[in-house]
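First comes the structure, then the notes that go with it.
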Amino acid sequence: MSEGFVTLGQAEVTLTKGRGHTPEELTGMCVKKIISVGPEVPEPARAQALAFKDHIAQVVLHYVRQAQRSARTTHVNELMAADMPEAAEHLRKGS
C-alpha cells in the first residue's frame, strides 16, 4: 500500500424530487450494499443467491416499514405533548 493514497469504492447518489425515499427504494439501496451476485456465478448457485437476496429484501422492507410507523408514532406523541393535537392528527392520518 502506497503512503498518501486512499482507494475508495464507487459512490452512488440517489435523488428524489419533493419527497423522501420510499421504503422500497431504501430497501433496494440497502440490499444492494449487503448482497451482490456477480454475473459469473454459475447456476444453480446463482439462482440460490438471488432467491436469498429476494428473501433478505423482504425482511429489510418489513423492518424499514416498521421503523417508519414507529417514527410516525413518536412524532404524533411529541406533537400531542406540545399541545398540537390538530397537527398530530394530520400526521397520524398520513395526510
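The values are calculated or read from the model by the stated rules, or taken from the named source; none is laboratory data. Bear in mind that the values here come from a model prediction, so they are computed numbers and not experimental data. Using ideal geometry, Cβ is built from the backbone for each residue, glycine included, and neighbour counts are taken over all protein chains shown. We work out accessible area using only protein heavy atoms, side chains counted, and drop any ligands, DNA or RNA first. Shrake-Rupley method; radii C 1.70, N 1.55, O 1.52, S 1.80 Å.
Values for this structure:
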quantity: Net charge dipole size for the chain [Lys, Arg +1 and Asp, Glu -1 on Cβ; Debye, nearest 20]; calculated: 240
quantity: Fraction of accessible area attributable to carbon and sulfur, the chain (%, probe 1.4 Å); calculated: 58
quantity: Summed residue charge, Cβ within 13 Å of Thr27's Cβ, Lys/Arg positive, Asp/Glu negative; calculated: +1
quantity: Residue order for Lys17, Lys32 - accessible surface, 1.4 angstrom probe, largest first; calculated: Lys17, Lys32
quantity: For segment 1-88: rounded, prolate or oblate by the Cα gyration tensor [a/c cutoff 1.5]; calculated: oblate
quantity: Farthest positive-ward along segment 41-95 dipole, Cα basis, beta-carbon charges - from Ala45, Met80, Ala57; calculated: Ala45
quantity: Surrounding net charge for Gln10, when Lys and Arg each add one and Asp and Glu each subtract one, Cβ distance under 14 Å; calculated: +1
quantity: Accessible surface, per residue, of segment 32-95 when the full set of protein chains is kept, probe 1.4 Å, Å²; calculated: 79
